[in-house]
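Below you'll find the structure, written out as structure tokens, and then a few comments.
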Amino acid sequence: MTGAPPFTNSPIVARYVDRTPGSAALHARAERVLPAGVTHDSRLMQPHQLAVTHAKGARKWDVDGNEYVDYVGGHGALMLGHAHPDVMAAVAEQLARGTHYGANHELEVIWAELVVEMVPSAEMVRFTSSGTEATLMALRLARAATGRPLILRFKGHFHGWHDHMAFGFQDHFDGTASTGVLPELASNVVLVDPDEPDELLAALETHGHRLAAAILEPTGASYGQVPMPASTVTLLREETAKRGIVLIFDEVVTGFRVARGGAQEALGIRPDLTTLAKILAGGLPGGAVAGRRDLLELLDPKAARGRGVEKVNHQGTYNANPVSAAAGIATLELLRDGSAIAKAHDYAATLRRRLNEVVKAAGVNWLVYGQHTGWHVFVNPEGLDLTAAAAAPETLGYRRIKAAKGHPAIEQLRLAMRRHGVDIAPWPGGPASAAHDESDLERTVQAFASSLEDLKAERVVDAHA
Ligand SMILES: Cc1ncc(COP(=O)(O)O)c(C=O)c1O
């Protein structure tokens, strides 16, 4: 996610530039009309990002005809891989019927029924157009329900880009507003260290009576890159219940991925509200807030009137648009029995094991870790002994993991992996999908081994064996 200049005189960069002239040309054109030539901060990359023409299953192709095993996975939206035939058929069928009715339709009801069936805490659903909108609405519902102003959240956890959530994720860990955000708004957010349960308890003690909600990524920051101990989530559930604080699980990434019912099913913990997006809409735009009926009913004028409270406002041209609903339904129906999810989990477990074997054989002091479909590479800038972290990655802590993100080895690894036919997510690592198979595994392992040799040759990493 850096905009840092690439290494000069680097064969890894030079080979990437040689292989991707079409991507470079499109990037130059894009820079004239798109700030930084991108449309999402995490797509920013030096010397230039890939320009992709098409994708199928676990693979995608760039404008220069290079093929990649893909671990970006539509930023985590594509649990079934690219262009799954059933999802495409559902979309095509809906396209022929129209893209927007400006009215109610059956697909939104079926879609909501599937969410209620699969997500343990979901009693009702309100669709939005994105995960960002879902967390925005969840916070509004919590404030309306409690009449309290403050929100508690964890440093490093990502909840979209709206003003309440724009700081404390990758910068401004002191809780000050990032540029463009009102300081008054930031002063209503209580940021706590995810590694310090005592700090959490102290914040609840100090601010509890003014806290409307606590929101978190239940497996830890950025899809478990900074793993969160289940004991902290349990503690938070108990304490928020005691204090009348609305607990929001942000399952935009973990929903329908960690288990069919998301992280809440895996942890056996029920939040009050859940935010969903990504897999929910099968790779098309879409999001939702789901949860307790009494909270969702604040959006219902009759129910609100009955309780003598003001209704919560919510509009949105593209909420539950029929094409996203069709893709979402097709996707959830394929994930419903859990077998595709289990397949992706098995793939990721094997991949993590094999990549750690490669790391060891290369004599590089890194760690590949993760749970469920996740694989994350810790590039260990401080040269720590990683024996304890291999057994319990949460012992690395959020500061160390976040600090490692700026290490130059990461960008070099991404470029080298691309040369060897694999596109990984920026953290570095990726989510696996149910579309990844044996041939993707072998290609990834081989590409990782070759990339480590490239990095060693440039002295970006040292061998310690
Ligand atoms: C946990 C989490 N919450 C919220 C969001 C925001 O979702 P969207 O990009 O759909 O606005 C994301 C996106 O990556 C996310 O990972």
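The values are calculated or read from the model by the stated rules, or taken from the named source; none is laboratory data. Just so it is clear, the structure is predicted and the values come from calculations on it, not from any experiment. Please note: Cβ atoms are built from the backbone with ideal geometry, for glycine as well, and neighbour counts cover all protein chains shown.
Just checking, does the stretch 28-36 include any residue being within 21 Å of the chain's Cα centre (by Cα), surrounded by fewer than 17 Cβ atoms within 10 Å (Cβ to Cβ) and not in a helix (DSSP H, G or I)? Within the stretch 28-36 (the criterion being within 21 Å of the chain's Cα centre (by Cα), surrounded by fewer than 17 Cβ atoms within 10 Å (Cβ to Cβ) and not in a helix (DSSP H, G or I)), the answer is no, since none of the residues qualifies.
Annotation: HIS159 fulfils all but one of (1) away from the ligand (no atom under 16 Å from the Cβ); (2) of a type outside the set (Phe, Trp, Tyr); (3) touching a residue at least 40 places away in the same chain (Cβ under 8 Å); (4) assigned to a loop (DSSP other than H, G, I, E, B); the unmet one is (1).
Taking LEU413, is it under 29 Å from GLN46 (Cα atoms), out of contact with any Lys or Arg (no Cβ under 6 Å at 6 or more places or on another chain), assigned to a helix (DSSP H, G or I) and among the hydrophobic types (A, V, I, L, M, F, W, C)? Answer is yes for this residue. If you filter the stretch 61-94 down to residues that are surrounded by fewer than 20 Cβ atoms within 10 Å (Cβ to Cβ) and under 28 Å from ASP18 (Cα atoms), you find that the one that is nearest to the chain's Cα centre (by Cα) is HIS75.
With free of Cβ contacts under 8 Å to residues at least 60 places away in the same chain and on the phi > 0 side of the Ramachandran plot as the only criterion, which of ALA25, ALA51, ALA36 stands out? Outline the logic, then answer.
Details: ALA25 fails: on the phi > 0 side of the Ramachandran plot; ALA51 fails: on the phi > 0 side of the Ramachandran plot.
The conditions single out ALA36.
Going by the conditions given, is PHE249 within 24 Å of LEU150 (Cα to Cα), of a type in the set (Phe, Trp, Tyr) and crowded, with 24+ Cβ neighbours inside 10 Å? Against the criterion (within 24 Å of LEU150 (Cα to Cα), of a type in the set (Phe, Trp, Tyr) and crowded, with 24+ Cβ neighbours inside 10 Å), PHE249 qualifies. Out of curiosity, is ILE269 outside any helix (DSSP H, G or I) and buried (at least 21 other Cβ atoms within 10 Å of the Cβ)? When the stated conditions are applied, ILE269 does not pass them.
Does the stretch 214-221 include one or more residues that are surrounded by fewer than 23 Cβ atoms within 10 Å (Cβ to Cβ), within 15 Å of the ligand (Cβ to nearest atom) and not assigned by TED's automatic domain parsing to the domain that holds ARG352? Looking through the stretch 214-221, at least one residue is surrounded by fewer than 23 Cβ atoms within 10 Å (Cβ to Cβ), within 15 Å of the ligand (Cβ to nearest atom) and not assigned by TED's automatic domain parsing to the domain that holds ARG352.
Looking across the stretch 127-156, the residues that are buried (at least 17 other Cβ atoms within 10 Å of the Cβ), in a loop (DSSP other than H, G, I, E, B) and away from the ligand (no atom under 12 Å from the Cβ) come down to ARG148, LYS155.
Hey, among the residues in the stretch 316-349 that are assigned to a helix (DSSP H, G or I) and of a type in the set (Asp, Glu), which one's farthest from LEU78 (Cα to Cα)? If we take residues in the stretch 316-349 being assigned to a helix (DSSP H, G or I) and of a type in the set (Asp, Glu), then ASP346 is farthest from LEU78 (Cα to Cα).
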